[in-house]
Number of protein chains: 2
Amino acid sequence: MKKATIEDVARKANVSVATVSRVINAQGGVRKSTEEKIVQAIKELNYVRNAVARSMVRKETKTIAVIVPDICNPFFSEVVAGVERKAIAKDYFTMVSSSNESKINERKLIQHIIERGVDGVVVTTADESGEQLKPLFDLRVPIVAVDRVIKNYQVDTVIIGNREGAYEAVRHLIHEGHKDIAIIRGPQNTTPGYERYNGYVQAMKEFGLDIREEFIGDGDFREDSGYEIAKKFSQLDTPPTAIFSSNNLMSIGALKAIQEMNWKLGEEISFLGFDDIEIATFTRPQITTVSRPMRQLGEVAFQLLYDQLMEENIEERKSREIILTPHLNVRESCKRKIVL
Amino acid sequence: MKKATIEDVARKANVSVATVSRVINAQGGVRKSTEEKIVQAIKELNYVRNAVARSMVRKETKTIAVIVPDICNPFFSEVVAGVERKAIAKDYFTMVSSSNESKINERKLIQHIIERGVDGVVVTTADESGEQLKPLFDLRVPIVAVDRVIKNYQVDTVIIGNREGAYEAVRHLIHEGHKDIAIIRGPQNTTPGYERYNGYVQAMKEFGLDIREEFIGDGDFREDSGYEIAKKFSQLDTPPTAIFSSNNLMSIGALKAIQEMNWKLGEEISFLGFDDIEIATFTRPQITTVSRPMRQLGEVAFQLLYDQLMEENIEERKSREIILTPHLNVRESCKRKIVL
DNA sequence: CTGTTAGCGCTTTCAA
DNA sequence: TTGAAAGCGCTAACAG
């Protein structure tokens, strides 16, 4: 069966293509009886309108692009699901691609995206400088940044309170009696990496605690780095009594290391991780985490994008920043045990 | 900056659009010096070709659709990542959508997909009857089914050996000394649900073991159902000594229930789950699982699709079925403890 | 209410 | 080696 065109329909219904177009797009101003004829013809021919041709003349694709570092990271899966859910409700389709944290990949994706003329893009960028996004800005393609900001450009942004979340987490550790608190940092050229570290520093300073250099581990938000760093911490002459990990994947890596080193979780070493992780409630003791509204992050992102899409004089808008609140999920992994 | 068109480039380079088109598409037959002029113009104007217009005339979008039940299920994330990775390498873009296991949603998505004229689709269908996919078949859109088959139509398919995997799993349980083995089944109108149950039955029969009705729990592949069923098992007068769960999410639910009921994992109750789960190595004892090559599933799926895309007389092809092998990942959760 | 028609930006004959 | 021109299927004036 070949795809029927609007012309086929017009012919079959004995009307002009313009009239058919009117009923397809529910624009009204068509006599009831005519409409019925057309609807009938559409049904018989199994006609579906060709979005490509439509996009061609309307200059809109009803498609948005979503770029994330890695769709397999449950955090991003949820964000994407949030975006998609809102998008589909507004009749937008979503193209998801992963940059694998590579600025170069991201640049290539941008190229594709521009070619395809998407109406907007939601991005968690692999490089916050935003250079690789320049073509998008030049073209005035609506953009919203999620979870990571984009510097050097005015962009609608939705993030969570990274510093606040980390601060609260570390404060909790301190309240539990810890002084020797180590941190597994994320990349310091990313907002989440940098700000969470900031929160750590803020809490430590506020309570007059030393920040020892060997207690700062530089990770890359991936599992392996968490593993390696935790291992190193455990081998220190004076190991920390608590570890704060800056994201989900590194937490998992770190916990693997802790198990492997036979470092007694909750006794010899306390642990607190940014981001919810599935395993949090399965370990003994259960893991305390900073959890954040992932799906909501995506939903809000689409909303911001949609607002831009609907807006008239896009040039004159101020960019907006929405900060969602993380939540400390106190479980059991942070009690300071007095070692005699 | 407005998007430059091929005409702008032609004007700037003092040639015709046809010539520009030739160099854009690297078709050759253009004098070196002319080409250089054009390349120069393209650069100066920041020209990117308009894929919409191109699709219009070429009747191909270089886009494929991927439909999965739920992108947040790590299994599907991995599959999608596999598809995407192979696709991008061949210059295809990927549109991912979740059906949420709803046939109705899936039908709507199909509608969108047809409108947009994707070149092919990879689908893990929410309903194996395949009715909702009919429009796709009518239009001869290349399709490949992943993880779940499509009945009533000839479709390229890539699945894993569900029955074999389940059989091996249950046999392992039996070898470990279990006789009272319960199963958390998936939906029996899905291949994975049905075949895994089949494998269970096969193993039980082969070893002359009773299949007791109260040991069969009907889940829906979601976490909650696993939770509820495991709970029920634990409250039986004679509870099972081992549980075999049919997928990742139900395993997680079941394990939550087991913890909650204070049912001693590895002592009072053994556990084996289909699918890898992150928590497998974090519990004590660690969970034995049937793992399957998720990413490869996606990669092979794209390959099958790509073959169709490249094929000439698509009508005459026989459909292919590729069966990947699952792997029993023996850990610690299956030993039969002798209860005195 | 309905029809005619001019594009949208590109590829692809066909001719030169 | 190049250019002219005919569409691809649709929307959106404009005219009737």
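The values are calculated or read from the model by the stated rules, or taken from the named source; none is laboratory data. Model, not experiment: these values are computed from the prediction. Counting neighbours? That spans all protein chains shown, and the Cβs are built from the backbone with ideal geometry, glycine included. Accessible surface is based on the protein model in full, side chains and every heavy atom, while ligands, DNA and RNA are left aside. Shrake-Rupley method; radii C 1.70, N 1.55, O 1.52, S 1.80 Å.
Keeping all protein chains in the complex and leaving out DNA, RNA and ligands, what accessible area do you get for A:R49 with a 1.4 Å probe, in Å² to the nearest 10? Roll a 1.4 Å probe over it and A:R49 shows about 60 Å². Apply the Debye scattering formula to segment A:54-169, with a single equal point scatterer on each alpha-carbon and no solvent, then give log10 I(q)/I(0) at q = 0.10, 0.15, 0.22 Å⁻¹. Rounded to two decimals, the profile gives -0.30, -0.65, -1.33. Interface residues of segment B:14-58, defined as a loss of at least 20 Å² in heavy-atom accessible area between the chain alone and the complex of all protein chains with a 1.4 Å probe, are B:V48, B:R49, B:A51, B:V52, B:A53, B:M56. Using heavy atoms of the protein chains and a probe of 1.4 Å, the accessible area assigned to A:D218 is about 100 Å².
For the set B:T94, B:T281, solvent exposure ranked by accessible area (probe 1.4 Å, protein chains only) runs largest to smallest as B:T281, B:T94. Which of rounded, prolate, oblate describes segment A:6-58, given a ≥ b ≥ c as roots of the alpha-carbon gyration tensor eigenvalues and a/c under 1.5 marking rounded, otherwise prolate only if a/b is larger than b/c? Oblate shape, in that a/c is at least 1.5 and b/c is the bigger or equal ratio.
Normalising the Debye intensity of the protein assembly as shown to I(0), with uniform scatterers on Cα atoms only, and taking log10 at q = 0.06, 0.08 Å⁻¹ returns -0.41, -0.71.
Given R0 = 51 Å, the distance between the Cβ atoms of A:D237 and A:L139 translates into a calculated FRET efficiency of 0.35. Rounded to the nearest 10 square angstrom, A:F76 shows an accessible area of 10 square angstrom against a 1.4 Å probe. Calculated mean residue ellipticity at 222 nm for the protein assembly as shown: -13500 deg cm²/dmol, from DSSP H runs with n ≥ 4 weighted as -39500 (n - 2.57), summed, divided by the residue count and rounded to 500.
Share of segment B:162-293's accessible area from carbon and sulfur, percent, 1.4 Å?
About 43 percent, which is the carbon plus sulfur part of the accessible surface.
Taking every Cα-Cα distance in chain B and sorting them into 10 Å bins starting at zero, the pair-distance distribution P(r) comes out as 5, 22, 24, 18, 13, 8, 5, 3, 0, 0 percent. With the label put 7 angstrom out from Cα along the Cα-to-Cβ vector, A:M310 ends up 4.7 nm from the copy partners, going from closest to farthest. Contact with the other protein chains removes 40 Å² or more of accessible area, compared with the isolated chain and a 1.4 Å probe, from these residues of segment A:85-117: A:F93, A:M95, A:V96, A:H112, A:I114, A:E115, A:R116.
Between copies, the label points of A:M56, set 7 Å from Cα on the Cα→Cβ line, lie 0.4 nm apart, reported in increasing order to one decimal in nanometres.
Copy-to-copy label distances for A:G28, where each label lies 7 Å from Cα along Cα-to-Cβ, are 5.9 nm in order of increasing length.
The candidates B:K62, B:K232, A:K337, arranged from most to least accessible area with a 1.4 Å probe in the full protein assembly, appear as B:K232, A:K337, B:K62. Any chance you could give the angle, 0 to 90 degrees and rounded to 10, that helix A:32-45 forms with the longest Cα principal axis of chain A? Tilt relative to chain A: about 70 degrees. Of all DSSP-defined beta bridges confined to chain A, some 10% are antiparallel rather than parallel. In degrees from 0 to 90, rounded to the nearest 10, what is the angle of the helix A:294-310 Cα long axis to the longest principal axis of chain A? That helix lies at roughly 40 degrees to the long axis.
Based on the alpha-carbon set only, what is the convex hull volume of segment B:1-114 divided per residue, in Å³?
Numbers: hull volume 15.5 nm³, N = 114.
Enclosed volume per residue, from the Cα hull, is 136 Å³.
Largest to smallest in accessible area, the residues B:K205, A:K37 fall in the order B:K205, A:K37 (1.4 Å probe, all protein chains included). If R0 is taken as 35 Å, the Cβ-Cβ distance between A:D218 and B:R331 corresponds to a FRET efficiency of 0.60. Rounded, prolate or oblate: pick one for segment B:162-293, where a ≥ b ≥ c are the square roots of the eigenvalues of its C-alpha gyration tensor, a/c under 1.5 means rounded, and failing that, prolate if a/b is larger than b/c, else oblate. Verdict is rounded for segment B:162-293.
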